[in-house]
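Heads up: the structure comes next, in structure tokens.
Derivation of every value follows stated rules applied to the coordinates shown; laboratory data play no part. Because the structure is a prediction, the values reported are computed rather than measured. Positions of Cβ are backbone-derived with ideal geometry, glycine not excepted, and every protein chain shown enters the neighbour counts.
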Amino acid sequence: MESVNKYQWWAGSNEEFFTVGPCDSREEIIAEAEDAGLDDGFYIIEAKKEPLMLSRFADFDTLLERADERAEEHQDEDGTPIFEVSAEQYVDLEERLKAACDEWQKLHGITFLPWCFTHSRNQEYIEGKQPCEEETSN
């Protein structure tokens, strides 16, 4: 299993999809890529996947708006919002909800890993092995 939040080496036939790996060293990933049949040349990259916090992606911006939409039957006839708060109160609510999400995620040991890398470095192209003269002169 790949390690979380640790730089490791990956290889792929193009600059977008790295399907071979992870490996702990550059030399190891080159050997694995060649064993995987990427003899025509391939890209390598040192990258990691950092766990994501749900609070970073939760939609708190429309929370009160959506609550008002759902409480429509409790509004007066002109549709005046019920859940109106000051800007400072809204910022406080958002911060508290984010903190609650983070606490919940940590309490349950939930790790959300993205499909793609969150950080990368040391990308390079490795030239493919040139066929031997004997192989090409048949």
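Structure data summary
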| quantity | calculated |
| --- | --- |
| Test for PHE117: is it out of contact with any strand residue (DSSP E or B) (no Cβ under 6 Å at 6 or more places or on another chain), among the aromatic types (Phe, Trp, Tyr) and more than 23 Å from GLU127 (Cα to Cα) | no |
| Where PHE83 falls short, out of the listed (1) surrounded by 11 or more Cβ atoms within 10 Å (Cβ to Cβ); (2) touching a residue at least 24 places away in the same chain (Cβ under 8 Å); (3) outside any helix (DSSP H, G or I) | (2) |
| Matching option when the condition is in a helix (DSSP H, G or I) and loosely packed, with under 13 Cβ neighbours inside 10 Å, among GLU28, GLU73, GLU34 | GLU73 |
